[in-house]
Structure formats: structure tokens, C-alpha cells
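One structure below.
The values are calculated or read from the model by the stated rules, or taken from the named source; none is laboratory data. Note that the structure is a prediction, hence the values are computed from the model and not measured. Here the Cβ is made from the backbone with ideal geometry for all residues, glycine too, and neighbour counts use every protein chain on show. For accessibility, only protein heavy atoms count, side chains too; no ligands or nucleic acids. Shrake-Rupley method; radii C 1.70, N 1.55, O 1.52, S 1.80 Å.
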Protein chains: 2
Amino acid sequence: MIDFQTNPARYHHWKLSFDGRVATLALDVDENGGLHPGYELKLNSYDLGVDIELYDAIQRLRFEHPEIASVIVTSAKERIFCAGANIRMLSQAEHGFKVNFCKFTNETRNAIEDASANSGQVYLTMINGPCAGGGYELALATDYLIMADDGSTSVSLPEVPLLAVLPGTGGLTRLVDKRRVRRDRADFFCTTEEGVRGRRAVEWRLVDEVVARRQLRDAALRKAAAYAARSTRPADAAGVVLRPLARRFDGDRIVYDHLTVELDRARALANLTIQGPREPAPASIQEVTRLGDAFWPLALARELDDAILHLRFNEEAVGIWVFRTLGDGHLVETYDRLLLANLDDWLANEVILYLKRVLKRIDVSARSLFALIEPGSCFSGTLLELALAADRAYMLQGAREGVELPRARLSLSGMNFGALPMSNGLARLACRFLGDDEHLDRLRHKMGETLEAEAAAELGLVGFCPDEIDWDDEVRIALEERAAFSPDALTAMEASLRFAGPETLETKIFARLTAWQNWIFQRANAVGENGALKRYGSGQRPAFDPRRA
Amino acid sequence: MIDFQTNPARYHHWKLSFDGRVATLALDVDENGGLHPGYELKLNSYDLGVDIELYDAIQRLRFEHPEIASVIVTSAKERIFCAGANIRMLSQAEHGFKVNFCKFTNETRNAIEDASANSGQVYLTMINGPCAGGGYELALATDYLIMADDGSTSVSLPEVPLLAVLPGTGGLTRLVDKRRVRRDRADFFCTTEEGVRGRRAVEWRLVDEVVARRQLRDAALRKAAAYAARSTRPADAAGVVLRPLARRFDGDRIVYDHLTVELDRARALANLTIQGPREPAPASIQEVTRLGDAFWPLALARELDDAILHLRFNEEAVGIWVFRTLGDGHLVETYDRLLLANLDDWLANEVILYLKRVLKRIDVSARSLFALIEPGSCFSGTLLELALAADRAYMLQGAREGVELPRARLSLSGMNFGALPMSNGLARLACRFLGDDEHLDRLRHKMGETLEAEAAAELGLVGFCPDEIDWDDEVRIALEERAAFSPDALTAMEASLRFAGPETLETKIFARLTAWQNWIFQRANAVGENGALKRYGSGQRPAFDPRRA
């Protein structure tokens, strides 16, 4: 089982250090610390284990270190920055793992950009040695790249010439879309194994600055200090410690404090039941700081995050996730109101941004998503986003005999109108009712109203509202049918239907770039016995089918 | 060899008829008229041959029939509209053919939308029987769908449940992006073999209108007449007859009037040399009508179009297309000026739109594109778009000894600033200098100036300007290197680097949807021995690997 829980005391591959308002995150990969046997992590190359630590560090920097306003990413090794994702690891990995590995690394890099853009915690990269492939893609996710100007330090994306795969962690997209590298230069750069160094790297916008090696550290610190000086992050606030999750594996159940995951392997589904808050939100944001990681939205975000990653990597054959909630929607709304009333508080901001990232993870998960809105549930505000993220939501209409719980209901809060955007930049409601501003206005006027099935259906918030006579059969049949379809066709269909509307840097990475990479990961030219990934390092040149498809 | 040249007298599968300002395009597939052996085109299902005729009909409607302002797409068969792409054809096709087939059918459907949006020739669909899969996707490309309200007529996208592939001809994207079908309804619809009929189809926006079968024809004609009444197309203009192309195959050469294609199989490349105009443009648009299909821009567009399709389908192992031009750039500019001065003329408009479509075809071709700007060339205005579409352009700096021709030069015209947009909606220059409006303004001021290599490079119009000492080696090495890379990696890399900036319905279809479909076309769940495509019609259910990737 791959576990995504870690903490700095357990890191093998990263050194995290702090100096006033600036943190340094230095890559120092333990060659023998690979997650799986069969490869050595030479030249600061990485595998999933390295990236799990990176993800953990980024999360902790945001929550535990309000004082940190700028983060320098660099290498702790003398002669190398990072050689990218480990090739032997990739070449021995199964298709599904490769795809999930890329998705997770992409999400982590997006989280870096989210910190720089929305948290006042700006990342920059100090490139102190050769920076290749995924190493450069990591740098591309930061806001400023400063590179040593010497004979050996360069940036490069050698995937196409060397491995017959793409720079699949956002590299191609960030080159032309984020850094606006001219496409003919990008083409040259991506087909040139040795990469580009010195002045030309600046001229082509591949990095922002080159300086003599002996001045590199000072220059990076200067830039970091400049970012920090502009940051809105509080220098003197207390951080929130992210304690180990209370998580219990119990056969086919995983029990968290606010979330239970029950696997139903026979039906290829996971039931995720979320417990709403039992108390109203604290009266003030100060109390939230006191609650720390016990604050319900933050605790839930962490648990969901962990569960999703667990299910993605460790339960590949569980193709359907069924979301349920238990609790009182009005209590959920109190948390939404508290957070939205304190947008200028660093912690409230961080909690909302984290909820956003977790929900985005759900959107791009290759699983069929169902929401079942039943008596006693609390799909309100933030939790309603789960139903809106679902491919289908079923809501029980009317009473259910013998059930004492309140009828199924849902409600809208301010959280549903832009605070938790999808990766295409739209609120899930805005994507659902694409271009229909009039209807969105109508929905805005319904905020806080308790909506039973008929009203929710009339507003287009749910599509399927069987009554108690039909409920069991209708839901059962829908889930059984789903489980019988081709998992691949579903993945691709869902990836298309979920993202109506504009595309952004992020969605271009997940769709255009990733979809092409997944295709390549199936092609003999890359992964076949004579393909480039298999032959890499063997001394034999790969043999390609020359036909263009 | 697959030939894309045809004409109505040779159609096997479509009946084209005219009534005043309305044309009817009726699908009447000849079961035994498949392009390849091994399948029968039952139930008005189609293969590439059917689509080649459709494409031809659409082109002729635009150029030969200025009086036609509305086109009704329907079926000439009693009990079926169209069953979509033929499954046996797909299941026996090689990967590359599948991909190219989908690309061509997508381009044809985009051309339908282009006619409706930009030519005043609006398409609608009269659905007079079951309309499934690619049949419904064809309908989705039209502006108005009117369906018989009876027990047997429905629209459906059964690809996912039946075949484990996507509706890959734009269906998924057009549902949620163009028709704004709510995503949960789209999900239900795309997983329901039998589809949706009657009122629900209207309510869900799957079609625009349902009427009793006996009123169907009248209702469609009424709608067509309403479109026609609003059209700007001239009722009394003379059309331009598209005569058979003068095309000669001569070993590894294809010789057109204004284009020569020379295959260099040893180097996996095709040299496409375009002959610029030998005379200035006619003085008036009236003379253009007299010239008809001999008008240089129109003649060239047709030749390029044919050559590109030929190379895509019949020369898969030729991975690099090298564009050259011969002639006088000032003469090219006279044509650009004439066309742009007559935007309100239907024929000038059609010629520009056709050039746009051909250039778009180049953008999405899975080939490495090089432009060589040499002495005596005429990469000006419209022809400069070829260099801007190229992954790399090389321009010879300075004189070349022993060559009498004028030095390499290029120039900008009004055509480079929006008249010939890419499928992402941007001029190639705007995509190249994404967001840099200042530079685009600077370029606008250079319109009409003759730019030699140094000036062109300084303006960022070309990236590589060797002098005569380096030219031969530098170009040769670049082409040799390119030919040695994985064709798949190049295809995917180019598809990512060429489309910086926004995404549109079209680019979402070519990137998000198509890339996922190409992935599926490699997956055992679809194409393996036990996959759905192979087992379709065998009575055996497919066996799926349940793991989600």
C-alpha cells in the first residue's frame, strides 16, 4: 500500500529549512530510498515517494508556517539540480501507475502555483546544477527561475529525444502558455537533449535570470526577500500544526474522524460517507486558530484528500465512488459563512484554498462519481460541491417509510458561487449552467433556502429524484450498469463531460497534455520491448515504427 | 490509395437536391459501396468513402451554389437516419487509419459549422429515423435539429455502453459546450444505448424541436426558409464550378498546377513547393468570378487541401513536411489586398474561409512541419502563414553564391492579423506572441515591408537564420534529427506546443476529446481480442480489465 501520510521528521529526500520569512526546500534524494525495489534514484531523480514528501512539505509550509512568505526550491547536491522522474521506475511501472503518478505530480505543481498566486507564499527556483525533465518542470511551476551561469548548469526537457515520451508534468504547456516561450524555440528546446544554458536561456524566457555560481545564493535570497516584502502573509501569526490523521483500516473500511470509506469490491464501488459538523462553527476566526487541525472544514479536507489518493493508487479496480453525507446542512452553512466572512484572514484563506484543491482532485479523478442525497444528509454549501462534482446525483423525493431522519434536502451557500472554482476557473454551478447567467442569478437568490427534491430538481441542481418506491432499484441499476462499462471509456467520457467551458493552464495540462501522454504510454515506440523507455540505458537504440498516427 | 477527389455525378451515398434557396443533402448509403472490403454499410452507417462525398458536397455547396442559403441534412432511407460510423470498418482498421479517419470527419463537421457561422449557408438536420453515434454527431454539427416524434426515432450516443469507445467526432464536446446539455443529463444520455426521444430530447436540449412525422418535412422546410430569409448569400450570383484538379502522379512526385510534392522516403520527408502567382491579382472581384477555380488563391487552396489529405492517409511513414515557396511576394500581397478589400463579396469571403480551413488542417496534421525560406521564395501574407504554422522556419541569411534569385525575404499582409485564424480563434501571429499586444502592434506597422533574414529574426518571425556557409548542414541535420525521434512523441509534443492560448470548441475536440479517443484506440478494453470493438456483433460480451487508469 502506498501511504501519502508523512512529516518532515520522516523525510528521506527533502531538507526543509527556515530563515525569517524565507524557507528553503532542498532536494537531496536518497539513492536507495526508492518507494519500490528495482531502481536507484541517481542524480536527484525522483519517484512517487519523493513527490509525496514534496506535497507534504508544501502543505505544511502553508498551514504550519504563516510567517513564510517565500520558498526557494533548490538542490542540496553539489553537481546536480534534478534529473527528473526516474526512468527505470517509469519503465517498470504499469500503465495505471504511470498515469496516476503523473496526475499526482501535476497536482503538486499546481499547488505550488496556487500558493504563489493565492497564499502570498511565492515559490522560486535556484537552479544550481543540471536541471532536466521533471526537474525543470518543477522549476516551471515556480514564479521565478534563477540559474547558475556556468558550463555545466542548463535547463532541458530531453524526454522526446531521449525517452520518446512527453515532458508530462506540465512542461510543454507551461513553456508556451505560462512563460510564453515562442513555439519555434520551444520546439527546438524540447528536441535538444542537452538543453539551453546561460544568456540564451534568459533570452528565450526559459529562466528569468542567470548569475555567476558564487552569487547564486545571494541573488536567490534577494529575490525571495523582495517577494516576502510584498506578501500579505502575517509575520507573527501562530501556525496550525497538521497532526497525524486519525485513520483506521478495518478490513474493507477506512475510518477517519469525519469520513468513512467502505469498499464494496463485488460492485466495484467505494462508499464515502462524510459526517457533517456536530456543532456550529466557532463565533470568530480566532477560535479557529485555537481549534487548529480539528476545525471541521480543515479536518475534512485532509481526510478526503488522503482517502482520494489512497483510492486512486491502492484501489484501481474500484471504479465508482459514491458520496453520501450525514448531518445538518444548517451547521455546514455556519462554517461556510465564517470562512467567507474572514477572507482576509490567512487561515480562513488557506482552508478555502485547500477545500478547493481537494475538490479539484475529485474532478480529475478517473472514477465515476455518484452522489446519493438521502434523508439525514447535509449536502449544503461546501458539501453540495461534492454533488455538483458528481457525474450523477440522485435525490430521494418525499419521505422514506420507517426512517426517522429529516427528508433529503440540500442548500446553496456563498461557497457555491466562486470560492471553490474548478480547474477551468469556473464555479461548478457556472460550469453546470454554462453561460446561463440568469439562472445563476436565480440560484443566488435561493442561497440559504432548504430545498427538497422537487425544488432542487426544478432548479437543475439534481437530475434524478426517485421516490422511495423506485429509489433502491433505480440507484442499484445505475451503479450496476456503470460497473459493467469499459473503465477506459468512462474515464475518457467523464474527462470530457466534466469540463464544459473555458480551458486554463491547469485544464490544458490535465486534458491536452496528459491525454496525449497517456496515449504515448500505450504506444510501442515508448513502452514496447524495443521502445525508448525499455531500451534507455541499455546501450541499444530504440526501434520506432515510423508511421505517424 | 485513398483519393479525396470526387463529384456529385460519382456519389454512391449522398443525394444532393436543390429547391430555390434550400438544398437537401440526403444520406442514402450503398451497403456494398464501402471503401475497403470486409464490411457492409448497413443502416446508413458510414466509412471514409461516405465522408469524402460529404466533404465534397459541402465544398460544392459553398462555391458552386451561392444561391443556397440553407442546407437540410437528412436520410433518404425509410426507417433509419444514420447508425454512425461502421463498426466492422473501425474494428478492422489500423490505429493510424482510425485516428486519421476521426480527424477528417471532425474537420468536415467543423466545416459545416463554418458554413453556418460564416458563409450564410446554415445547416439543419431533419431526423427522420433512429440517429445514433456518428449520425447524431453529424446532426450536432448543424445549427438546428428537428426530429420526428414517433416511437422509433431517437437520438443516441451508444459508443460507451456498446463499443467501449468515445463518441469521437465531437459529440461529447458539442453536447456540453455547444448545446449546453447539463452534464448529468449528458452523462445519462451517453451511457444509455437506446438514447432519448420525443419531448425529453427537447427538454434536455438534445434536439431543438420534435414534430409528428407527417409534419417533419414541412417543419424543416419552414425553418430552412427562415434561415434563408436572413442569409446574406446572393440569390442571383453565378457560382464557381470546381473542376477536377489537374493532378499528376509521377513516381514519388505529385504535380499540381501551383504545388509540387516530392517524396524523399529515405529521409521520411515530403517537400511541398508552392508556386506563387505569376500575375498580379485581377483588378476587381468581378474578374475573380470570371477566373473561377483558376483564381490563384482558390486553386492553391484546393491543391494544398488534396495534397495534405493524400499525405496524411497514403503516406503515413513520411513524418516531415517541408514547405517551400517560389515566386514574388509582392504578387501574393496583391491577392491578399484584393480579398480583404472585398470581404462583403460572397466569393472573396469563401476563398478566405477555405484558405483558413486548409491552414487549420495543417495545424492539426500529425507531421513535423518545416518551412525553408530561401532565395526566390515568396512567404508573404497568406503564404507566410505556412511558415508561421511550421514547427520551425529556417531563413537563409545573406546572398547565396551562384544563385541569381533575390535574397530570401518575407512580408506581412493584412491576412496575417486575424483573417486566417487557427482553430483556437487566434491569428498565428497572436498565438506566437501570446499576450504581447505591443509586439503585434509593431508587426502591424511593418505590413508590406520586405524583410530579409536579419529583420525577420529580430521581429521574431523566424527563429533560425543560417548563412550560406551553414545553411545546408544546419537544415540537413535538423531534418535528420527529426526523422530519428519517436513519431508518437513528436505528434503529441507538436499538438501541445502549437496551440498556446485559449481553447475553443474546435480545439477541445481535437485535443481533449481526440487525444482521449486515441488513447482508447490503444486500449485492450476497446481493441484487444476480447475488447468491445472486436466482440461487437459476435454475441459474446467483451471482457474488461476493471482497473481505472
Taking N as the number of residues in region A:408-487, what is its alpha-carbon radius of gyration divided by 2.2 N^0.38 Å? 1.31
Take the Cα atoms of region A:170-274, find their three principal axes, and give me the spread along each one in whole Å, biggest first. 58, 44, 24
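Would you calculate the volume per residue, in Å³, of the smallest convex hull containing every Cα atom of region A:308-437? Mind showing how you got there, number by number?
Values: hull volume 16.6 nm³, N = 130.
Hull volume normalised by residue count: 127 Å³.
State, in square angstrom and to the nearest 100, the accessible area buried between chains A and B, both chains counted, probe radius 1.4 Å.
Values: alone 22890 and 22910 Å², together 37630 Å².
Summed over both sides, the interface buries about 8200 Å².
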Zero-based 20 Å bins, Cα pair distances in the protein assembly as shown, whole percents: 12, 41, 36, 10, 0
Rg(Cα)/(2.2 N^0.38 Å) for chain A, N = residue count: 0.99
Note down the magnitude of the dipole of region A:121-222 about its Cα centre, charges +1 on Lys and Arg C-beta and -1 on Asp and Glu C-beta and zero elsewhere, to the nearest 20 debye. 280 debye
Put the label 7 Å from Cα along Cα→Cβ for residue A:222; what are its distances to the other copies, in nanometres, shortest first? 7.6
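How high is the relative contact order of region A:1-106, in percent, counting Cα pairs under 8 Å that sit 6 or more residues apart?
Values: 147 pairs, mean separation 31.5, N = 106.
Normalised by residue count, the contact order of region A:1-106 is 30 percent.
Roughly how many percent of the accessible protein surface of region A:360-472 is carbon and sulfur, given a 1.4 Å probe and a whole-percent answer?
Carbon plus sulfur share of accessible area: 45 percent.
So for chain A, averaging the separation of alpha carbon pairs under 8 Å that are six or more residues apart and normalising by length, what relative contact order in percent results?
Details: 1058 pairs, mean separation 65.7, N = 549.
Taking the mean separation of contacting Cα pairs over the length of chain A, I get 12 percent.
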Can you tell me the Rg and the Dmax, both Å, for the Cα atoms in region B:492-549? 15.4, 47
Hull-based mean projected area of region B:195-252, where the convex hull spans the alpha carbons, in square nanometres: 9.6 nm²
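Based on the Cα gyration tensor of region A:268-358, what are the three equivalent ellipsoid semi-axes, each the root of five times an eigenvalue, rounded to whole Å and given largest first? Working shown, then result.
Numbers: eigenvalues 150, 44, 19 Å².
Semi-axis lengths for region A:268-358 are 27, 15, 10 Å.
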What per residue convex hull volume, in Å³, do the alpha-carbon atoms of region A:224-375 yield? 137 Å³
Built amide H within the under 5 Å cut-off of residue B:393, gap 5+: B:371, B:463, B:464
Compute the distance in nm between two label points, each set 7 Å from the Cα along the Cα-to-Cβ direction, one at residue A:222 and one at residue B:541. 6.9 nm
When averaged across all projection directions, what area in nm² does the alpha-carbon convex hull of region B:50-160 cover? 7.5 nm²
Rounded to the nearest percent, how much of the accessible area of region A:274-316 (1.4 Å probe, protein heavy atoms only) is carbon and sulfur? 47 percent
Starting from a label point 7 Å past Cα on the Cβ side, list the distances from residue B:450 to the same position in the other copies, nm, shortest first. 8.2
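Can you give the translational diffusion coefficient of region B:96-203 in µm²/s, computed by Stokes-Einstein from the Kirkwood radius over Cα pairs at 4 °C and 1.567 mPa s?
Working: Rh = 14.2 Å.
Value of D from the Cα-based Kirkwood radius: 91 µm²/s.
In what order, largest first, do A:476, A:392, B:337, B:265 sit by accessible area if the probe radius is 1.4 Å?
I get B:337, B:265, A:476, A:392, largest accessible area first.
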Using a 1.4 Å probe on protein heavy atoms, which residues of region A:451-488 have at least 30 Å² less accessible area in the complex than alone? A:464, A:484, A:485, A:486, A:487, A:488
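Give the carbon-plus-sulfur fraction of the accessible surface of region A:93-152 in %, rounded to a whole number; probe 1.4 Å, heavy atoms of protein chains only.
On the way: 510 of 1020 Å².
Solvent-exposed carbon and sulfur of region A:93-152 make up 49 percent of the total.
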What percentages, rounded to whole numbers, describe P(r) for region A:397-549 computed over all alpha carbon pairs with 5 Å bin width beginning at zero? 2, 7, 10, 12, 12, 13, 13, 8, 6, 5, 5, 4, 2, 1, 0
Each residue of region B:401-414 in order: what ³J(HN,Hα) in whole Hz does its phi give by Karplus 6.51 cos²θ - 1.76 cosθ + 1.60, θ = phi - 60°, with x for Gly and Pro? 4, x, 9, 7, 5, x, 4, 4, 8, 8, 8, 9, 10, x
Accessible area per residue for chain B in Å², computed with a 1.4 Å probe and the full protein assembly in place, what is it? 34 Å²
Candidate residues A:357, B:547: accessible-area rank, largest first, probe 1.4 Å: B:547, A:357
